[in-house]
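The values are calculated or read from the model by the stated rules, or taken from the named source; none is laboratory data. The structure presented is a predicted model; accordingly, all values stated were derived computationally and were not measured. Here the Cβ is made from the backbone with ideal geometry for all residues, glycine too, and neighbour counts use every protein chain on show. Ligands, DNA and RNA are excluded from the accessible area calculation, which covers all protein heavy atoms including side chains. Shrake-Rupley method; radii C 1.70, N 1.55, O 1.52, S 1.80 Å.
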Amino acid sequence: MRVLLLTICLLGCTTAAPDGEFIVQDSDFGDFETWQHWPIAATAPGSFHTTGPRIVYLNRKPPADATVFPVGTILVKTLENGSGDTFAMVKRGGDYNADWARGWEWLEITKTSGQWRIVWRGDTPPEGAGYAEEGVSCNLCHAMARTNDWVQSKVLKLPMQ
Ligand code: HEC
């Protein structure tokens with residue numbers, strides 16, 4: 001029975017949870033550096049999220065008329081300032097994170113032994129991840145882009161051409 005469940009899981013669990021939510025896995029980030037991406041020039045120092053050059057990656061473009069990003073959308077932002085900090089937001093769908101960036105899960109990922117792995121994930125960063133101050137949580141800052149499905153980058157303005 002366990003073997004059967006494991007086999008089913010290998011086929012299905014990496015793509016969708018039973019209730020239709022998309023549960024991203026380490027392996028989904030494996031090739032993100034080959035996805036469509038846009039460099040963002042360094043701007044005036046402020047939060048470390050927006051200081052120094054950075055690159056935003058998108059796994060797949062939404063349909064041309066979409067006003068929200070579809071479930072399964074993965075966005076990654078790398079800070080190109082030598083820190084190696086890499087953030088992601090994934091459209092998980094359903095009622096996930098319903099009070100804020102509805103449907104979006106926040107993540108930090110890192111490359112260890114040549115593989116991208118999830119450091120933490122959730123509707124907000126966990127305690128101890130360096131985000132104790134309320135003012136710098138992912139949800140609060142991205143609320144500025146609420147009308148664009150919580151996605152900030154100008155190049156990702158919906159509808160995307
Ligand atoms: C100080 C404000 C601020 C905070 C805090 C912040 N972000 Fe962002 N984020 C931005 C801005 C602005 C962009 C647009 C790209 C850029 O200018 O860097 C962005 C872009 C992104 C992107 C690329 C998709 C998009 O929205 O354009 C991801 C992924 C991302 N952030 C993840 C996170 C995660 C995860 C957290 C929390 C750990 C977080 N962000 C916290 C401001 C912030």
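For region 25-156, which whole percent of the accessible surface, found with a 1.4 angstrom probe, sits on carbon and sulfur atoms?
52 percent
State, to one decimal in nm, how far the label point of T51 lies from the label point of A66, with both points 7 Å from Cα in the Cβ direction.
Spacing of the two 7 Å Cα→Cβ label points: 3.3 nm.
With a point put 7 Å past each Cα toward its Cβ, work out how far A98 is from H37 in nm, to one decimal.
About 3.6 nm separates the two model spin labels.
Please list 3J(HN,Hα) in residue order for region 60-66, calculated via the Karplus relation 6.51 cos²θ - 1.76 cosθ + 1.60 where θ = phi - 60°; whole Hz, with x for glycine and proline.
7, 5, x, x, 4, 9, 5
Classify region 55-111 as rounded, prolate or oblate from the Cα gyration tensor: take a ≥ b ≥ c as the square roots of its eigenvalues, call it rounded if a/c is under 1.5, otherwise prolate when a/b beats b/c and oblate if not.
oblate
Provide the per residue accessible area, probe 1.4 Å, for region 25-156, rounded to a whole number of square angstrom.
53 Å²
According to a simple spin-label model (label point 7 Å from Cα along Cα-to-Cβ), what is the distance in nm between K157 and E80?
Each label point is offset 7 Å from its Cα along the Cβ direction, giving 2.2 nm.
Assign one of three labels to region 28-94, namely rounded, prolate or oblate, based on the Cα gyration tensor with a ≥ b ≥ c the square roots of its eigenvalues; rounded applies when a/c is under 1.5, prolate when it is not and a/b is larger than b/c, and oblate otherwise.
Values: a/c = 2.07, a/b = 1.79, b/c = 1.16.
Verdict is prolate for region 28-94.
Please give the contour-minus-distance gain from R146 to I118: 0.36 nm per residue of separation, less the Cα-Cα distance, rounded to one decimal in nm.
7.6 nm
Could you give the size of the charge dipole of region 25-156 about its Cα centre, using +1 on the Cβ of each K and R and -1 on the Cβ of each D and E, expressed in debye and rounded to the nearest 20?
On the way: 12 positive and 16 negative charges, 78 e Å.
Dipole about the Cα centre, nearest 20: 380 debye.
Can you bin region 25-156 into rounded, prolate or oblate? Criterion: square roots of the alpha carbon gyration tensor eigenvalues sorted a ≥ b ≥ c, rounded for a/c under 1.5, prolate for a/b above b/c, oblate for the rest.
rounded
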